[in-house]
Amino acid sequence: MNAITLENSEKGTRICGCCHKELSIDSFYVNKHTNLPDNYCKECRRSFSNLRYRYRQVTKKKPQYPVITEISDKDLRIKFLLNALDVVHRSIERKKKRLREEEYRNESPDEDF
């Protein structure tokens, strides 16, 4: 620890890594795992978090797949709905088949040779 950090910790203050103001320790969030104060003061951390949130909202990608309820063409929407229904039915049939096979394997006696 250098002399400035040691002197600040004895005074109960810390210098923010963003705004470079000397503030009391109460002005910093404390990491619950290390019990050490954050490098940024609460105000700078809040503004940074808000900026990051707004940036992520702007850069969010839209889904690559079509959202069926947002398709305006009725015939195309019905085509997608019927296809989705068919996919679900095939999935259910595969699961039923797998369960029947597992049940059959469990019921058949094991033969010892």
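The values are calculated or read from the model by the stated rules, or taken from the named source; none is laboratory data. Being a predicted model, the structure only gives us computed values, none of them experimental. Methodologically, a virtual Cβ is constructed for each residue, glycine included, from the backbone with ideal geometry; neighbour enumeration extends over all protein chains shown.
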Exercise for review: Run down 97, 61, 79 and say which single residue is basic (Lys, Arg) and not in a helix (DSSP H, G or I).
Suggested key: 61
Check your understanding: Taking residue 55 and the conditions (1) out of contact with any Lys or Arg (no Cβ under 7 Å at 6 or more places or on another chain); (2) farther than 30 Å from residue 39 by Cβ, which numbered condition does it fall short on, given that it satisfies the others?
Key -> (2)
Exercise for review: Report, by residue number, each residue of the stretch 9-45 that is at positive phi and touching a Cys at 6+ places or on another chain (Cβ under 8 Å).
Suggested key: none
Exercise for review: Please work out which one of (1) touching a helix residue (DSSP H, G or I) at 6+ places or on another chain (Cβ under 6 Å); (2) surrounded by fewer than 10 Cβ atoms within 10 Å (Cβ to Cβ) is the condition residue 71 fails and give its number.
Suggested key: (2)
Check your understanding: Out of all the residues in the stretch 74-92, is one or more surrounded by 10 or more Cβ atoms within 10 Å (Cβ to Cβ), closer than 30 Å to residue 13 by Cβ and of a type in the set (Val, Ile, Thr)?
Key -> no
Check your understanding: List the pairs whose first member sits in the stretch 30-59 and is within 15 Å of residue 18 (Cα to Cα), whose second member is part of a helix (DSSP H, G or I), and whose Cβ atoms are under 8 Å apart, counting only residues at least 6 apart or on separate chains?
Key -> 37/25; 38/45; 40/48; 41/27; 42/27; 43/27
Exercise for review: Mind counting the residues in the stretch 17-68 that are surrounded by 13 or more Cβ atoms within 10 Å (Cβ to Cβ) and closer than 30 Å to residue 85 by Cα?
Suggested key: 1
Study note, to complete from the structure: Scanning the stretch 1-53 residue by residue, those charged (D, E, K, R) and at pLDDT 90 or above turn out to be 14, 21, 22, 26, 32, 38, 42, 43, 45, 46, 52
